[in-house]
Amino acid sequence: ETLQRIVSTLANKNDEIHNFIDMLNHTIKNVQVNSSNVISELDEEFDGLYSILDEMKGSMANTIQQEEARKIQALQ
């Protein structure tokens, strides 16, 4: 009877361990998916910011070139 209780307890603990492992595996998959999604969102955000900075760079370079041309023309 004692041996049967020990075996039963071990079987229950084994089931608990397997359930815990399954839960951990599920959590790991969720973390991986969430991390992937966040990285994708971050990439999109940085791409957008880079695009805005590139546009600003072009606009500022154009303004500087126009100002340079105006000053050179005024000096000539």
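Straight-line reach from Lys13: taking Cα to Cα under 23 Å and skipping same-chain neighbours fewer than 8 places apart, no lysines fall in range.
Per the Cα gyration tensor, the chain maps to an equivalent ellipsoid with semi-axes of 72, 7, 4 Å, ordered largest to smallest. Once you list every other residue whose beta carbon is under 14 Å from the beta carbon of Ala61, what net charge do they have if Lys and Arg are +1 and Asp and Glu are -1? After counting each charged neighbour, the total is -3.
So if I take the centroid of the Cα atoms in the stretch 58-76 and the same for the stretch 1-51, what is the distance between those two points in Å? Going from one Cα centre to the other spans 60 Å. Working from label points 7 Å from Cα in the Cα-to-Cβ sense, the Ile6 to Ser35 distance is 4.2 nm.
Straight Cα distances below 22 angstrom link Lys71 to the lysines Lys57, with same-chain residues fewer than 8 positions distant left out. Available extension along the chain between Asn62 and Lys13 is 10.4 nm, counting 0.36 nm per residue and deducting the alpha carbon span. In this Cβ point-charge picture (+1 for Lys and Arg, -1 for Asp and Glu), the chain has a dipole of about 160 debye about its Cα centre.
Approximating the spin labels as points 7 Å out from Cα along Cα→Cβ, the Lys71-to-His26 distance works out to 6.8 nm.
No lab work stands behind these numbers, since they all come straight from the coordinates. These numbers come from a predicted model, not from an experiment. Here the Cβ is made from the backbone with ideal geometry for all residues, glycine too, and neighbour counts use every protein chain on show.
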